[in-house]
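A single structure is presented below for examination.
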Amino acid sequence: MSGRVSAEPQPFVFPHRHLLGIEGLSRDDIALLLDLAESYIALNRRAEKKLDVLRGRTLINMFFESSTRTRTSFELAGKRLGADVINMSTSSSSIKKGETLIDTALTLNAMQPDVLVVRHPDSGAVRLLSNHVECAIINGGDGSHEHPTQALLDALVIRRHRGRLAGLLIAICGDIMHSRVARSNIHLLTIMGARVRLVAPPTLLPAAIERMGVEVHHDMHRGLADADIVMMLRLQTERMQGSFVPSAREYFHFYGLTYEKLAVAKPDALIMHPGPMNRGVEIDSVVADDITRSVILEQVELGVAVRQACLEVLARNLPGIGHNR
Ligand code: NCD
């Protein structure tokens, strides 16, 4: 059962009922989640992966937008901690019959789940729900607002490779405008003392984004110069109304990550992408598959550990389970 430092509850305090975003978390909150996630990595590599931290608890995944890795990752995280996990998607929910989001949430809440993981196409929808339920809520991605567990898993990957986050130069490139991954990463990385550069065409940058404490570049060669980490984002055409880029081909020419553009970054710069990737649009296939530089699959692996940590800290704050009450 071990693989953790100790099977006993760790003496920690996570002073939040929900995980709605990275904004509002402190450095200590983030470090606590990353340290705890670290302890799950070894466990997840063993043949026997189960703990009973969430035994008797119920986790419901409510996904109103399609997802492969995030939903599977939360499901595995919940099951490996011993919870009962239910997956609900829009296609099978009463939303299809005209029920409102809040009514769906109230219905599920009446079944006494302990944690709801919610993904929704509208920014702010997950916070809205959190005002109507008693269980803990984790934001699995809301519109172009936040995707906190993605930023945490990205940070965990970076920290494992570089030993720290503070002082690193991280270039986030591509469709910043529509990206909740970018927003959560900007919050997390700036809170932890990293330097963040955004690299995108002006059409894919939100107005006044510099106010988030980032540098902005429109040219990949300048934006990637000396970067420790190059984080690519998917061109999110499903969120675009109208035309933001002339064509996928032209976008690749100016903003697609190739070895030629990567050459100005640090020689050992890591390549990241939250997935799903558009090969040949935001990233050249050979770069994405370069196992000496790309940590894209490690991001997926560590995502499970991060979600286990998030589930554990929130569950410990629920009545009747942890030492915090
Ligand atoms: C991201 C998302 O859904 O926000 N993917 C993910 O969670 N791994 C990014 C994306 O869809 O491009």
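How big is the antiparallel share of DSSP beta bridges in the chain, given as a percent to the nearest 5? Numbers along the way, then the final one.
Numbers: 1 of 36 bridges.
Roughly 5 percent of the beta bridges in the chain run antiparallel, per DSSP.
Roughly how much of residue 51 is accessible, in Å² to the nearest 10, using a 1.4 Å probe?
Probe radius 1.4 Å; accessible area of residue 51 about 20 Å².
How long is the chain along each principal axis, judged by its Cα atoms, biggest number first, in Å?
Its Cα atoms span 55, 48, 36 Å along the three principal axes.
With runs of 4+ DSSP H residues as the only contributors, calculate the mean residue ellipticity of the chain at 222 nm using -39,500 (n - 2.57) per run, divided by the residue total and rounded to the nearest 500. Working shown, then result.
On the way: 11 runs with 114 residues, N = 325.
After summing the helix terms and dividing by residue count, I get -10500 deg cm²/dmol.
Helix 148-162 sits at what angle to the longest principal axis of the chain, using alpha carbons and giving 0 to 90 degrees rounded to 10?
60
Once each part is reduced to its C-alpha centroid, what is the distance from the range 38-103 to the range 108-177 in angstrom?
Computed from Cα coordinates, the inter-centre distance equals 14 Å.
Can you give me the angle between helix 296-316 and the longest principal axis of the chain, using Cα atoms only, in degrees from 0 to 90, rounded to the nearest 10?
30
Here is a further query. What three numbers, in Å, describe the spread of the alpha carbons of the range 151-284 along their principal axes, ordered from the longest?
The Cα atoms of the range 151-284 stretch 40, 30, 25 Å along their principal axes.
Helix 69-80 sits at what angle to the longest principal axis of the chain, using alpha carbons and giving 0 to 90 degrees rounded to 10?
Its long axis makes an angle of about 30 degrees.
A follow-up question, please. Could you calculate the FRET efficiency of residue 286 with residue 52 from 1/(1 + (r/R0)^6), where r is the beta carbon distance between them and R0 is 41 Å, rounded to 0.05?
Values: r = 44 Å, r/R0 = 1.07.
Efficiency, from the Cβ-Cβ distance: 0.40.
If you roll a 1.4 Å probe over the heavy atoms of the protein chains, what accessible area per residue do you get for the range 149-285, in Å²? Write down the numbers at each step before the final one.
Values: 5390 Å² over 137 residues.
On a per-residue basis, 39 Å².
Which one, 86, 186, 283, has the greatest fluctuation when you compute a Gaussian network model over the chain with C-alpha springs under 10 angstrom?
Of 86, 186, 283, the Gaussian network model singles out 86 as fluctuating most.
Restricting to the range 54-174, compute how many DSSP beta bridges are antiparallel as a %, nearest 5.
Looking only at bridges with both residues in the range 54-174, the antiparallel portion is about 5 percent.
The values are calculated or read from the model by the stated rules, or taken from the named source; none is laboratory data. Predicted, not measured: the structure shown is a model, and the values here were computed from it. Glycine gets a Cβ as well: all are built from the backbone with ideal geometry, and neighbour counts include every protein chain shown. Just the protein is used for accessible areas: all its heavy atoms, side chains included, with ligands, DNA and RNA removed. Shrake-Rupley method; radii C 1.70, N 1.55, O 1.52, S 1.80 Å.
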